Ligand SMILES: Nc1ncnc2c1ncn2[C@@H]1O[C@H](COP(=O)(O)OP(=O)(O)O)[C@@H](O)[C@H]1O
Ligand SMILES: [Mg+2]
């Protein structure tokens with residue numbers, strides 16, 4: 001058996017197959033605090049196979065560099081995370097080049113061109129911010145539960161809209177686009193609905209990521225923008241990112257591939 005493991009801050013992703021060239025199966029587990037031999041074996045066991053069955057294992061993410069070059073019977077191949085993100089994004093989208101945005105716990109933008117992968121920019125705003133702020137404001141820390149709330153809410157109940165701010169549209173932005181995330185709260189006498197707070201959070205985080213991505217794609221001269229990472233599994237955030245694409249006439253340039261949560265580990269697996 002061969003496998004790739006992406007040791008993320010939140011989740012550890014595993015892709016595995018009997019041999020290279022075969023389509024891998026994918027699973028994910030909650031990350032442990034430390035990336036060590038124990039976490040390595042734990043990830044492999046989560047596949048249902050014994051760690052002793054694995055002869056080659058590619059690892060990326062987190063502090064993967066701290067692991068040795070061989071563990072038990074397995075050769076350990078260390079894959080630079082920037083390369084894993086880039087390759088994974090291109091593989092999931094079937095593109096030759098793109099700006100690949102990894103929206104995980106944090107956000108990284110990788111300029112991916114045939115054989116050349118470079119970190120372009122990023123943001124400390126990401127999925128971890130979404131969960132962290134939702135826990136503080138709503139007492140809910142389960143990403144799916146926050147997403148359910150967000151999809152039932154209206155972000156314009158907490159955001160100041162352009163029509164309220166300047167009386168109409170600006171540039172390509174329609175009048176009902178938002179001008180200030182959570183801008184209504186300052187002068188609000190009552191507390192907003194929980195659903196509306198969640199919707200405001202999803203929009204603030206999704207917009208931040210999408211706007212950074214558009215500017216990075218422009219700066220890098222890349223036509224397509226591919227979004228991977230498990231934050232992209234949440235419908236509320238996906239919708240926000242598609243809304244930004246519409247505002248900036250980027251709809252045909254944004255690619256939201258299936259299985260975004262496994263993008264990075266699939267990129268690492270492709271190195272085997
Ligand atoms: N089932 C899930 N479990 C955990 N996080 C999830 C889940 N679905 C969506 N998310 C979001 O994905 C983020 C983590 O993304 P991921 O790509 O796994 O990041 P990392 O590689 O940093 O661990 C979380 O912060 C959360 O916002
Ligand atoms: Mg990851």
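Laboratory data are not the source of any read-out in this text; all were calculated from the coordinates shown. Model, not experiment: these values are computed from the prediction. Glycine also receives a Cβ, built like all others from the backbone with ideal geometry; neighbour counts cover every protein chain displayed.
Quick look at the numbers
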item	result
Computed E for residue 144/residue 271 - FRET, C-beta separation, R0 45 angstrom, nearest 0.05	0.90
Calculated diffusion of the chain, Stokes-Einstein form, Kirkwood radius summed over Cα pairs, 10 °C and 1.306 mPa s, µm²/s	82 µm²/s
Using a Förster distance of 25 Å, the FRET efficiency for residue 151-residue 46 (Cβ separation, nearest 0.05)	0.25
Value of relative contact order over the chain, rounded to a whole percent, pairs C-alpha under 8 Å and six or more apart	22 percent
Three-way shape call for the range 123-258 based on the alpha-carbon gyration tensor, with the a/c threshold at 1.5	oblate
Angle in degrees between helix 127-138 and the longest Cα principal axis of the chain, rounded to the nearest 10	50 degrees
Fewest-first sequence of 208, 55, 240 by Cβ atoms within 10 Å of each Cβ	55, 208, 240
Principal-axis tilt of helix 81-93 within the chain, Cα atoms, nearest 10 degrees	70 degrees
Over the range 76-141 - Rg/Rh using Cα atoms and the Kirkwood inverse-distance radius	1.12
Computed Kirkwood radius, in angstrom, where 1/r is averaged over Cα pairs of the range 2-78	12.1 Å
For 269, 28, 40, order by how many other beta-carbon atoms lie within 10 Å, fewest first	28, 40, 269
Length added when fully stretched, residue 135-residue 53, from 0.36 nm per residue minus Cα-Cα	25.5 nm
Gained length - residue 187 relative to residue 63, 0.36 nm times residue gap less alpha-carbon distance	40.2 nm
Overall form of the range 1-136 per C-alpha gyration tensor (a/c, 1.5; a/b vs b/c)	oblate
Least to most buried among 236, 102 (fewest other Cβ within 10 Å first)	236, 102
Among 158-167, 92-101, the order from most to least packed when residues are scored by Cβ within 10 Å on average	92-101, 158-167
